[in-house]
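Coordinate-derived values only; no laboratory data. Quantities reported herein were computed from a predicted structural model and do not represent experimental measurements. So basically every Cβ, Gly included, is an ideal-geometry build from the backbone, and we count neighbours across all protein chains shown.
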Amino acid sequence: MMYHSIFEIVNTDCMIIPVFQSSKKDKKVVLPELVGITLDHINFFDDFSGKKMEQLPLYIDNEMVPRVLLVGLGEKKTLSICDWKKIIGAAVMTVQKKKWTSVSFVVPPEVVNLSNLRTISKETVIASDMAAYSFDTYKYKNNKTAEMKLVNLFFVGVTASQKSIVENGITEGKIIVDAVNWCRYLGNTPPSTMTPSFLAKKAKILDNLTDVSVKILSRSDIQKLGMGCLLGVARGAKEEPKFIIVEYWGAKKIQKPTVLVGKGITYDSGGLSLKPTKYMKDMKFDMLGGATVLAVIKAAAGLKLKKNIIALVATTENMPDGAAYKPDDILTAMNGRSVHITNTDAEGRLVLADALCYATKYNPKEVIDFATLTGACMVALGGERYGLFTNNEKILSGIEKGAEVSGELVWRLPLGEEFTQTMTTSDVADIQNATETSYGGASNAAAFLEFFTKDEDGKALYPWAHIDMASAIFGSKGKTWIKGGANGVGVQTMISYLS
Ligand code: BES
Ligand code: MN
Ligand code: ZN
């Protein structure tokens, strides 16, 4: 989609006019003051009062803007950037359904004041392009979603001298949202196409970006490194596992890098602990942690962030087969610790364990992993918020702030001695990969990962945080601002965090 910042009304198919909620005694909604558009003659309070997410399309007698879509902002004091982005997204989806291909957004000063001109320009572009994105690769041409061609941002009360601020925000937003939508494309691609090799091939494209280098490790490289957990999970798969390493050196080499680790299970059937049909559906999305960290590098390099960032993706399928790893097998991770397999469906933590060991090679400033790790996290947090586990208050507040700015939602869940205890009770190995009950499942999984971020004396090898994104990866399902499938969650928070 093309974006223009303008300071006067131009010709578009539809103008989106946000309106704050008015009280019943006002009898009518108050529009921002705009050149040439008055709706004063209409008393439509009963049809539209400006409640958050409310919409009303109108045809008006105006040559430049024949159609208007009023969108409700709710009450002034409750509006957040997250709300604004949902409102914009929902408006774009409505416009797109009508096959109107150009829109203007009016951005009221109250919205700009939620942050600043540059950020709001950026976030508006992100919300708009995320809403317009549709996974249409496999659809027949008459069935593809209508393309939105042009969006004009019309800032009320902003002068032409601030044009470059808006334009910089738009450019940044475009870079970020292209990465977010790329992440979604990777997640949405069917699992028999999105194999570990295919994911590696897609990662390899990042090699073309300035300061980025990509290395793909094959099965024999993985063997040489002693990544026994990744190899174990891969045993039942016909597809070869890969270990993807993407380095972005945007700062001086002496600056310690942030290492981002991603779970790249391109299909999670559960393995021999086979999932029931109902739970197997959607398991193509089990590589979204990996896609997220790749997309973060894409955006960071595009924005030329002055940071060093490494993405590590451990990728394989988890399949049942005569060669598959079995419950009661014992696998040995790269750091020499043994794992008693009690459930082959707890495979994500296994491949992450080896990646967390590998991360020490970089002497990292911090390590943050992203994984669609547990159904228990969905039970705890529902469908929009991801879980964050860390003992590092600095990373915690950084990620919370990043999430707030980008409108993503995060909630801290606990690590703790009791979870570590539960996971390290095996008679035959140093740790087990699953417990019998599902209680505390998200924290048990996190405790398993934590075990691999420590040395044999229990001392932390690096500051670490784990993001369980199973609860936050889906669009639609009641979300009117984004289409179904992967929603690209995490990329925006991370870019804010790293900026
Ligand atoms: N990939 C799943 C978790 C998941 C579930 C992601 C739903 C997205 C949506 C993970 O590998 C898994 O199977 N976890 C098990 C762990 C259990 C066996 C300890 C789970 O959550 O049931
Ligand atoms: Mn699983
Ligand atoms: Zn999984």
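At a glance:
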{"read-out": "Estimated 222 nm signal from helices in the chain, with DSSP H stretches of n ≥ 4 weighted -39500 (n - 2.57), rounded to 500", "value": "-10000 deg cm²/dmol"}
{"read-out": "Cα centre as origin, Lys/Arg/Asp/Glu Cβ charges: region 135-195 dipole, Debye", "value": "220 debye"}
{"read-out": "Estimated dipole of the chain in Debye, rounded to 20 [Cβ of Lys and Arg +1, of Asp and Glu -1, Cα centre]", "value": "1060 debye"}
{"read-out": "Two-site FRET efficiency, residue 321 against residue 365, from Cβ-Cβ distance with R₀ of 35 Å, rounded to 0.05", "value": "0.30"}
{"read-out": "Inter-centroid distance (Cα atoms) of region 143-174 relative to region 269-306, Å", "value": "30 Å"}
{"read-out": "Residue exposure sequence - 431, 244 - by fewest surrounding Cβ within 10 Å", "value": "431, 244"}
{"read-out": "Loop-located chymotrypsin sites (Phe, Trp or Tyr not before Pro) in region 416-477 whose Cβ has at most 16 other Cβ within 10 Å (DSSP)", "value": "439"}
{"read-out": "DSSP-assigned coil residues among trypsin sites (Lys or Arg not before Pro) in region 216-252, each with at most 16 further Cβ atoms within 10 Å", "value": "238, 252"}
{"read-out": "Residue 370 long-range amide H proximity, modeled H, under 5 Å", "value": "261, 262, 263, 467"}
{"read-out": "Inter-part distance where region 400-423 and region 79-113 are each reduced to a Cα centre, Å", "value": "30 Å"}
{"read-out": "Debye equation applied to the C-alpha atoms of the chain, log10 I(q)/I(0) at 0.06, 0.09 Å⁻¹", "value": "-0.30, -0.63"}
{"read-out": "Residue order, fewest to most surrounding Cβ atoms within 10 angstrom, among 19, 379, 112, 293", "value": "379, 112, 19, 293"}
{"read-out": "Summed side-chain charge close to residue 383 - residues other than residue 383 whose Cβ falls under 9 Å, Lys, Arg +1, Asp, Glu -1", "value": "+2"}
{"read-out": "Region 194-498: relative contact order as a whole-number percent, Cα under 8 Å and 6+ apart", "value": "21 percent"}
{"read-out": "Lysines with Cα under 23 Å of residue 459, excluding same-chain neighbours fewer than 8 positions away", "value": "256, 361, 365, 394"}
{"read-out": "Approximate shape of region 2-167 as ellipsoid semi-axes (Cα gyration tensor, √5λ), whole Å, largest first", "value": "24, 19, 16"}
{"read-out": "Region 405-499: translational diffusion in µm²/s, Stokes-Einstein, Kirkwood Rh over Cα pairs, 25 °C, 0.890 mPa s", "value": "156 µm²/s"}
{"read-out": "Dipole of the chain, positive direction: furthest Cα of 93, 262, 22, with charges on the beta-carbon", "value": "93"}
{"read-out": "Positive-end residue, region 179-248 charge dipole about Cα centroid, Cβ charges, pick of 192, 246, 214", "value": "192"}
